[in-house]
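J.: I'd like to ask you about the structure that follows.
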Amino acid sequence: MKEIHISIKELVEFIYGSGSITNLKDLKKRGNEGTLIHGFWQGKYTPEDKKEVVVNDDYQTEDFKINLSGRIDGVLYREDKYIIEEIKSTKIDLDNIEDITTPSHLAQAKIYAYIFMKNNDLEGIDIWLTYIHVLSKEVKQFKDFYRKEQLEAFFVKSIDLFLDWQSKIVSHEENRLLSIEGLTFPFKEYRFNQRRMMAVIYRNIIAQDNAYLEAPTGLGKTVAAIFSGLKAIHHPRQKIFYLTAKNDGKRTALETIYLLEKEGLKAKTVEITAKDNICFLEKRDCDPKVCPFANGYYSRVFKTIEDVFINESVFSRNIIEKYARKHEVCPFELSLDLSNFSDIIICDYNYVFDPLVHLVRYFEDNMYQPIVLVDEAHNLVSRSRDMYSAEITKSSFVDFLEIAKYFKPNPSYQIKKIIKIFEEVETELEKVNFKRKYEVDENLIERLKTLIIKLDDILSNDEIKFEKSEIQDIYFEINRFLKIAEFYNEEFVCLIEKDKTEYRISIKCLNASGFINQVIEDYIESIVFFSATLKPIDYYKNLLTDNNGEFISLGSGFKQTNLLVLAVDDVSTRYNDREASIPRIIETISAMIKAKQGNYIVYFPSYRYMKRVQTIALETIENVNFITQTRAMSTDERNSTMDLFNNPEAKTQVFMFVMGGIFGESIDLVGELLSGVLIVGVGLPALSNYNNVLKAHYDLSFNNGFDYAYTYPGLNKVIQAVGRVIRTEEDRGIAILLDDRFTMRKYLRLYPNAWSHLAVCNEPNDIYEMTKSFWESD
């Protein structure tokens, strides 16, 4: 027998739901208004009347036992009879409200009344549904008498509707567990070390532990992780979160689910897409007065969920958009609501770890204790720091001041106070462009809090005549800054900076591992971080899980001889040497592509460096197509660039990309799609004030500041870039590392074992001869 605990309010809102999507600030304000209105009305009760009366009831069927609970706003006793009162605050004109306007309100009162009647052996009772206008305090009441059998019939009908849905859920769970039990691996043979990876993940989940797994490119990490994660599921409603930083990772995960479905898997999978990316509006505005998909969302969402759940198994972005348009509901909120009934949730890291974005239903409530699989986990170090960082800029407040006088209430006074703080920052930065502060200015925090209260009032004003989107950006900027300030401790720093005419105050997290580890300990049953690059492991463990978790490194099954690794170590690509290095880069490109026609990638540490080399290459290298990455490429531009790798023309193509960018990892170029890569430089992050602050902090924390702030993040980008060459057992290709640091002992000890045959080759003709010999040996 399945036991379910649910509040009466949750029950009726699920079945008879109504209302629109509102953002957090509106919910907070509405909650405060509701509390005040309830207090106002309950203050009129007589001494014999009771308020906030707790009720509980158990209802049992052959398959279910439901425990219902709730609080009745008022139990009144008038003229020898009981009255159940449900109080609702509203801003809607009372002339437009009837007792059926919001069905869940009357349904809530009816179920309260039935349970009260049953517990007190009554045959009839009055129900008052009382609406009170927030501004005018005017009251409209709907009063009716109900016999016990009427309310009992309504109660049973409501429970039956809920249990009908729960039966579908239970039936699915039973089928899911049976399908997992009989699920077989979708390939006849395992790749080298793939089975070991699956065993490690399975044991880790069963032991409810944490692990880091370094697995080489081409091992089949995605299918190994998801398959073993499914096999480890051992109780109903248990969920797998598959976290990935890029759309390519999501696509691979979805393709894996489709593959497992062909083997008999019965599971529900949801893909969560960022709100701005999936929004149907040209510019996102979640105000129900603006967005038709937010307006009345809760009146339509249950039927939408039921429709999707019955007819689909993989709730991909396309599927969610299809049903969201069909039922006119917000696609983003639909994906979150579908996650409640999904077994596998594919999403970005921030939905688990970001304090402002994480899914509250899973990571502020320990009811679910999900399994979490983190793909490309090396990305999480910098991402986690960003999640706990925030900034505000002077220009935002100066621009806002220009239009502030048109708002009511007018926030100009509060804005000017904040601008004055920025003017004090200007004075501090007269002779320097950067200063480190060990605390956040308390005066600034108080001024921001005062301003955001004003902005709450402005945004909550239904009579406002301007576009609310005009102030939403600065509202979220301030709100994030205040939220992050609450986490401030010794792992943070406050920076004031000048960049040309802009002034910036930022809170920077230097090490988020304490927060990440707390989420894991409190809300996650088991987590596995996996990537092709997790060395040195202490770097990742220290900056992700406060040095907790087992580490397992799996070797590659690919033939080492399939990858020719050369180092050109007599040239410097350091910032001051870059112009002088260009002729050697041109010579190396020419030698690399001369031996074999094909597609090649040259990875650079910066756009400026890349553009300079491209200019010279176009003048000196003939019969080659050069394709260069541009800043802020759209998804369509990125896809068009990737399509060029399939170019049927009999001509060599050289792609010039930036290391660590959108083409630096998670792209699969199998077989003849990629012949080789040239890595220009060791990928160090740019020297900057912030990175130097990181270095100083890591010197104090780990006695290894430069490597933590510069060397390891840079080398990670290099290894990821080289990893584009060999994707399958049949692939062959070359990788050339161009920089004198690549043969330093510090770097050599960090390379993958598969690079142990690295050879130094500094003469262009030698590079040509070695690459030619490599291709001829095929």
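The values are calculated or read from the model by the stated rules, or taken from the named source; none is laboratory data. Since this is a predicted model, take the numbers as computed values, not measurements. Cβ atoms come from the backbone with ideal geometry, glycine included; neighbour counts cover every protein chain shown. With ligands, DNA and RNA removed, areas are computed over all heavy atoms of the protein, side chains included. Shrake-Rupley method; radii C 1.70, N 1.55, O 1.52, S 1.80 Å.
J.: Taking 41 Å as R0, compute the FRET efficiency from the Cβ-Cβ separation of L135 and T46 and round it to 0.05.
T.: 0.95
J.: Please identify the trypsin sites (Lys or Arg not before Pro) of the range 700-768 that satisfy two criteria: DSSP loop assignment and at most 13 other Cβ atoms within 10 Å. Which are they?
T.: Sites meeting the loop and neighbour criteria: R749.
J.: Provide the gained length on full extension for the span I445 to N340, in nm with one decimal, where the gain is 0.36 nm per separating residue minus the Cα-Cα distance.
T.: Extending this stretch completely gives an extra 34.1 nm.
J.: For the range 98-110, take each phi angle, set θ = phi - 60°, evaluate the Karplus expression 6.51 cos²θ - 1.76 cosθ + 1.60, and give the result in whole Hz per residue in order, putting x for glycine and proline.
T.: Values, residue by residue: 10, 5, 9, 4, 10, x, 5, 5, 5, 4, 4, 5, 5 Hz.
J.: Less than 19 Å from a label point 7 Å out along the Cα-to-Cβ axis of H5: which backbone N atoms in the range 359-394 qualify, by residue?
T.: Output list for this probe position: 361-370.
J.: Using modelled backbone amide H atoms (1.01 Å from N, in-plane), which distant-in-sequence or interchain residues come within less than 5 Å of G660's amide H?
T.: Close amide H contacts, sequence-distant or interchain: none at all.
J.: Let me ask something else. How much accessible area per residue does the range 632-695 have, in Å², with a 1.4 Å probe?
T.: Result: 41 Å² of accessible area for each residue.
J.: What percent does the relative contact order of the chain come to when contacts are Cα pairs within less than 8 Å and at least six residues apart?
T.: Result for the chain is 12 percent.
J.: With everything on Cα atoms, drop me the angle between helix 607-620 and the longest principal axis of the chain, reported from 0 to 90° to the nearest 10.
T.: 40 degrees
J.: Still on this structure: What FRET efficiency, computed as 1/(1 + (r/R0)^6) with R0 = 60 Å and r the Cβ-Cβ distance, is obtained for R436 and K262, rounded to the nearest 0.05?
T.: Working: r = 56 Å, r/R0 = 0.94.
That gives a FRET efficiency of 0.60.
J.: Note the full-extension length gain between T728 and N318 as 0.36 nm times their separation in residues minus their Cα-Cα distance, in nm to one decimal.
T.: 144.7 nm
J.: Same structure, new question: Taking the DSSP beta bridges in the chain as the whole, what percent of them are antiparallel, to the nearest 5?
T.: Restricted to the chain, the bridges split so that about 35 percent are antiparallel.
J.: For the range 47-199, with every protein chain kept in place, what is the accessible area per residue (1.4 Å probe, Å²)?
T.: The answer is 53 Å² per residue.
J.: Still on this model: Step through the residues of the range 660-671 one at a time and calculate ³J(HN,Hα) from phi using the Karplus curve (6.51 cos²θ - 1.76 cosθ + 1.60, θ = phi - 60°), rounding each to whole Hz and writing x for Gly and Pro.
T.: Per residue, the Karplus-derived 3J(HN,Hα) values read x, x, 5, 9, x, 7, 6, 10, 9, 10, 8, x Hz.
J.: So if I restrict to the alpha-carbon atoms in the chain, what is the Rg, and what is Dmax, the biggest pairwise distance, in Å?
T.: Radius of gyration, then largest Cα-Cα span, for the chain: 30.7, 106 Å.
J.: On to the next question. Add -39500 (n - 2.57) for each DSSP H run of 4 or more in the chain, then divide by its residues: what number comes out at 222 nm, to the nearest 500 deg cm²/dmol?
T.: Values: 27 runs with 339 residues, N = 778.
Computed mean residue ellipticity for the chain: -13500 deg cm²/dmol.
J.: Could you work out what % of the accessible surface of the chain is carbon and sulfur, using a 1.4 angstrom probe and leaving DNA, RNA and ligands out of the count?
T.: 47 percent
J.: If you project the alpha carbons of the range 335-491 onto the principal axes, what extent comes out on each, in Å, largest first?
T.: Extents along the principal axes: 51, 46, 23 Å.
J.: Quote the Stokes-Einstein diffusion coefficient, in whole µm² s⁻¹, for the range 613-758, based on the Kirkwood radius over alpha carbon pairs, a temperature of 4 °C and a viscosity of 1.567 mPa s.
T.: 75 µm²/s
J.: Let me ask another. Roughly how many Å² is the accessible area per residue of the range 347-504, as a whole number, for a 1.4 Å probe?
T.: About 49 Å² of surface per residue is accessible.
J.: When DSSP beta bridges are limited to those with both residues in the range 1-140, what percentage is antiparallel, rounded to the nearest 5?
T.: For the range 1-140, the DSSP antiparallel bridge percentage is about 55.
J.: Multiply the residue separation of I621 and E402 by 0.36 nm, subtract the distance between their alpha-carbon atoms, and state the gained length in nm to one decimal. All intermediate terms of the calculation are to be shown ahead of the outcome.
T.: Numbers: separation 219, 0.36 × 219 = 78.84 nm, distance 5.37 nm.
Between I621 and E402, full extension yields an extra 73.5 nm.
J.: How large is the convex hull of the C-alpha atoms of the range 606-664 per residue, in Å³?
T.: With only Cα atoms used, the range 606-664 gives 78 Å³ per residue.
J.: How large is the dipole of the chain about the Cα centre if only Lys and Arg carry +1 and Asp and Glu carry -1, each at its Cβ, rounded to the nearest 20 debye?
T.: Values: 98 positive and 118 negative charges, 242 e Å.
Dipole about the Cα centre, nearest 20: 1160 debye.
J.: Okay, next question. Expressed as a fraction of 2.2 N^0.38 Å, the rule-of-thumb size for a compact globular protein of N residues, what is the C-alpha radius of gyration of the range 171-238?
T.: 1.17
J.: So, one more: Loop-only check: which trypsin sites (Lys or Arg not before Pro) in the range 276-321 are DSSP coil with at most 13 other Cβ within 10 angstrom?
T.: K283, K289
J.: Whole angstrom only: what separates the Cα centroid of the range 390-437 from the Cα centroid of the range 526-601?
T.: Distance between centres, Cα-based: 44 Å.
J.: List the longest stretch of the chain that has no exposed loop site; here a site is one of the chymotrypsin sites (Phe, Trp or Tyr not before Pro) assigned by DSSP to anything other than H, G, I, E or B, with at most 13 other Cβ within 10 Å.
T.: So the longest stretch without any such site is 467-778.
J.: List, largest first, the extents of the alpha carbons of the range 554-674 along their principal axes, each in whole Å.
T.: Cα spread of the range 554-674 along its principal axes, largest to smallest: 38, 36, 32 Å.
J.: Now a separate question. Quick check: pseudo-label points 7 Å beyond the Cα along Cα→Cβ at F476 and T184, how many nm apart are they?
T.: 4.9 nm
J.: For the range 68-167, which trypsin sites (Lys or Arg not before Pro) pass both filters: DSSP loop (anything but H, G, I, E, B) and at most 15 other C-beta atoms within 10 Å?
T.: Working: sites: R71, R78, K81, K88, K91, K110, K118, K137, K140, K143, R147, K148, K157; in loops: K91, K137.
In loop regions of the range 68-167 (DSSP not H, G, I, E or B), the sparsely surrounded trypsin sites (Lys or Arg not before Pro) are K91, K137.
J.: Would you mind classifying the range 661-727 by shape? Square roots of the alpha carbon gyration tensor eigenvalues, ordered a ≥ b ≥ c; an a/c under 1.5 is rounded, otherwise it is prolate if a/b is larger than b/c and oblate if not.
T.: Taking the square roots of the gyration eigenvalues as a ≥ b ≥ c, the range 661-727 is prolate.
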